[in-house]
Amino acid sequence: MNKQLYIYDCLKAKLRTSDGNFMTIGAGEKNTFRVRMRAQSGGSFAQRDGACRFFPHGKVAGYSLNGISMNGDVVIRPETMYLFVLEGGCFICWYGNEASRPDFSQYDPSVWYLYNAEACEWYGPYALRSLPVVARELPQGILATFQGLEHCAFYLHDVLDVADYAMHTTEEPEEAPLPAHRPESLRCPSCWEFFKPGEELAIAVHPDLMGDDILGEDDMLRFLPEETNAQGMPVDACGSSCSEYACPHCHQKLPPFFSQTHQHIISLVGVPAAGKTYYLASLVRELELQFPRDFGLPFRDADPVSNEPLNDMCERLFSAQTPQEAYIGKTRMQGRLYHKVWRNGVFANMPRPFIYNLNKDGETHSIVLYDNAGEDFQPGRDTALTPGSHHLAVASAILFLFDPTANPGFRRLLQDSSNDPQLRNSLYRPGRQAMLLAESEMRLRTRLNLPPSEKLNIPMAIIIGKCDTWKHLLGPEPLLPATRNGMFMPEHINLNSERLRQFIFNIAPHICTNAEAISANVRYFAASALGESPVEFRDEISGTTLIGPASGQVRPFRVTEPMLWALHEVEPALIPAAQN
């Protein structure tokens, strides 16, 4: 059962529920909860991937959580009552399953009681407006609760500002609804920091405005728009109209219309030489074909300039005439698939985001992909200067690409039945794929403050790659199709997953146990990015022997199924599915 975030406004006696969206608090009219405070935007509750956090925004001096003064972001743990006070707002937060949540219908915040713990005395009932007057006659440390809120209480001094506001306010404006198709909060695909729509920086275009305080003298100035032209476009200080926007944190350029999309970060994980780049290139090309063909949905390039490296690899792979032309070299942490991003006060080496849009029913969903170097996920690589794998903690889904040609058990089974040159490679170290999963689990738990006994609900696909070398080991019965007559088949995915899990468990059980320790929502898939085994060829420049695709034989096999399943789990209405 999915957990939900419940927030009860004690000032207005209103309950709001979120199953994944952001809920914001502040003085501005676009906030989910409008409260009396100095900042237009005071903070946001974010529920993602089995964890929930509260993030205070820049101008907030502090807040109180269960009577403790706080300044930074905090994890909202499941099945725990939180009493929350932020300037003129007083709230109760609960994150968990509906079956165990408090009965908010019994709450009546118009009737308050006070408790003196030292004297073991109760006072009241009082109206909320009366509490500032009553507090003058009482000692420090008094607790305040209201009708129906059993076994929990605020500190009276924490709610006095809220009570003072109630005493001097006769009518409060209702929260204004947010515009349609506009998320309440956004996450930069380059630095992974949150910001609200309207906080984006415009990128100046006039040549006299060259030079940015973060990116340096070779980049155009980023600025918060104050003036617009007749078309509503920002105007820079020299009067030029600006059409591009940047993240307010790292100043990296954002894709066009980014603030109007629903964002889904999909993290692809795998050891070096697992074939992640080939898989990613095949995945994008196949999705461009499958979404219009099977579902009638356009899958389009959101930013051709930023996506150029991945699009170039797709074109190279599917149009080459020789193995040399189709060969895609190892992803390097200093190559064009990475860039320097200002993050936490330093420039960090980060993977470039590749963003593609999926349109349905007038809404746009952004699919954000990364081609990480396998070294990013190895122990010791998770530093402030190389935080390239941190997108795991903000991902909507994780795809783990398992390389069977690097596994000793698979090698023994295939030594007499396959001529794949990858099976002769001696560079692999046994056990490092399980180590990568264990390292990923540690990083996720650390970043999300997740206790060892709790699992994520994030979809996690274990892709047994290069299946052209081993699918005969499954037997003659083919795997069930993932789609049929324009409908996604979740039951087929589940049946295939059970069969593949048993298959890989018999060969490499540690892969299953490590994956299932991370997420409570794991499925297993078979895929081949090339469709046939690669070939060896001699590089004319270096004289070394390399392994690359056999020209003209790139026929991806079932590469889109993990993505279809992940997107269906994240946004069930996005992909039409057959009913069981």
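Some observations on this one:
- With both labels modelled 7 Å from their Cα along Cα-to-Cβ, the Ser241 to Arg336 distance reads 3.2 nm.
- Axis angle, to the nearest 10 degrees, between helix 561-570 and the longest C-alpha principal axis of the chain: 10 degrees.
- Contour minus Cα-Cα distance for Gln321 and Asp416 (0.36 nm per residue): 31.2 nm
- Folded to 0 to 90 degrees: helix 156-168 orientation relative to the chain principal axis, Cα: 70
- Counting only alpha carbon atoms, the long axis of helix 276-290 and the longest principal axis of the chain meet at about 80°.
- The percentage of C-alpha pairs in segment 261-570 whose separation is greater than 28 Å is 37%.
- For the chain, Cys52, Cys93, Cys120, Cys152, Cys238, Cys242, Cys314, Cys467, Cys512 stand unpaired, since no other cysteine beta carbon lies under 4.7 Å from theirs.
- Ranked by the mean number of other Cβ atoms within 10 Å of their residues, highest first, the peptides 499-507, 566-574 come out as 566-574, 499-507.
- Added length on full extension, which subtracts the Cα-Cα distance from 0.36 nm per residue, Glu516 to Glu308: 71.3 nm
- Applying 0.36 nm per residue to the separation of Val75 and Val535 and subtracting their alpha-carbon distance, the gain on full extension is 160.6 nm.
- For segment 261-570: lysine pairs under 21 Å (alpha-carbon distance), excluding those fewer than 8 apart on one chain: 5
- Kirkwood-Stokes translational diffusion coefficient of segment 184-323, alpha-carbon pairs, 37 °C, 0.692 mPa s, µm²/s: 186
- DSSP bridge orientation in segment 4-168 - percent antiparallel, rounded to nearest 5: 95
- Residue-wise HN-Hα couplings along segment 114-128, as the Karplus relation 6.51 cos²θ - 1.76 cosθ + 1.60 with θ = phi - 60° gives them from phi, are 10, 10, 9, 5, 5, 8, 6, 10, 9, 10, x, x, 9, 6, 4 Hz; Gly and Pro carry x.
- Rounded to 0.05, the FRET efficiency of the Asn359 and Glu98 pair, given R0 = 41 Å and the Cβ-Cβ distance, is 0.80.
- Under the simplified labelling scheme, the Ile68-Gln147 pair shows an inter-label distance of 3.3 nm, with each label point 7 Å from Cα along Cα→Cβ.
- Trp122 versus Gln140: modelled label distance in nm, points set 7 Å from Cα along the beta carbon direction: 2.7
- For segment 183-254, the Kirkwood radius over C-alpha pairs fed into Stokes-Einstein at 10 °C and 1.306 mPa s yields D = 128 µm² per second.
- Relative to its residue count, the chain spans a Cα convex hull of 186 Å³ per residue.
Rule-based calculations on the coordinates, nothing more; no lab input. Source: prediction; values computed, not measured. With ideal geometry, Cβ positions are generated from the backbone for all residues, glycine too; neighbour counts draw on all protein chains shown.
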